[in-house]
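*Asks:* Below are the structure tokens for one structure; questions will follow.
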Amino acid sequence: MLEPTRHIRKNSGGHQPSLRPKLMGAGAALGIIGGIIAYPPQPYYPPQQSYYPPQPAYAPAAPATGSTEIALTSGDGGNFYVDGTVDGFPVRFVLDTGASVVQIPPDFARQLYLSGQLTEADYRGHDEFGMANDSHEIQPIVNLRSLTIGDRTVYNVRATIGKAGSDPLLGQTFLSQFGSYTIDNRRNVLVLG
């Protein structure tokens, strides 16, 4: 799995290109070509995930003062999954503390676009990212108006649109907004302080 791990090069400032040519050209940035989106919003789970995830081994305890505990689901390969919402749409993220930014897959970006939650005004250009396998990818950057995990919401979250088939990643553009975050492996919880 390819994951944004660090930011390599910023988009040159100044004029931001319109998102419309990207969308109409080859359906590139948001993959708008074809498909039907079901309304009301449907939960987004990566294709390899079951619609009904297994419950964590331990139920999260009541949060300590000033912190929030969110249940994690263990997956194959040692990944942790966490449920949240992006602009009101349910999504299951891979918790990736090594990803510099949040990542959403193109089909989920298309769902946001068709619902009006992702517009040309949310497009922020393209950046190059180093991947976990030492390759580099240029990915579109967008602004997510809100991202909620548990009872914590962060507004105006910078995110990339990954390649087709990529997993949604909960990265540092969300996690770094908190004073601290920890993973309790024994209880399978993410603690946001």
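*Asks:* Could you please rank ARG187, ARG110, placing first whichever residue has the fewest other Cβ atoms within 10 Å of its Cβ?
*Replies:* ARG187, ARG110
*Asks:* Looking only at the stretch 64-193, where both bridge partners belong to it, what percent of the DSSP beta bridges are antiparallel (to the nearest 5)?
*Replies:* In the stretch 64-193, DSSP labels about 85 percent of beta bridges as antiparallel.
*Asks:* Would you mind checking the stretch 133-152 for residues with the amide N under 15 Å from a putative spin-label position 7 Å along Cα→C-beta of THR119?
*Replies:* 143-146
*Asks:* Below 12 angstrom from the Cβ of PHE108, what's the summed charge of the other residues (Lys, Arg +1; Asp, Glu -1)?
*Replies:* Residues close to PHE108 contribute a combined charge of -1.
*Asks:* Right, next: In nm, what is the difference between 0.36 nm times the number of residues separating SER67 and THR182 and their Cα-Cα distance?
*Replies:* That works out to 40.3 nm of additional length.
*Asks:* Output wanted: per-residue J couplings in Hz (rounded whole) for the stretch 134-148, from phi through Karplus 6.51 cos²θ - 1.76 cosθ + 1.60, θ = phi - 60°, x for Gly and Pro.
*Replies:* So the J values, rounded to whole Hz, are 6, 8, 10, 9, 9, 10, x, 10, 9, 9, 8, 5, 8, 9, 10.
*Asks:* Roughly how many Å is it from the Cα centre of the stretch 98-122 to that of the stretch 132-183, as a whole number?
*Replies:* A separation of 10 Å, based on Cα centres.
*Asks:* Can I ask one more? For TYR155 and ASP134 in the same chain, what is the full-extension length gain: residue separation times 0.36 nm, less their Cα-Cα distance, in nm?
*Replies:* Roughly 4.5 nm would be gained on extension.
All of the numbers you see were taken from the coordinates with simple rules; none came from a lab. Small disclaimer: the values here were computed from a predicted structure and weren't measured. Don't worry about glycine lacking a Cβ; one is built from the backbone with ideal geometry, like all the others, and counts go over all protein chains shown.
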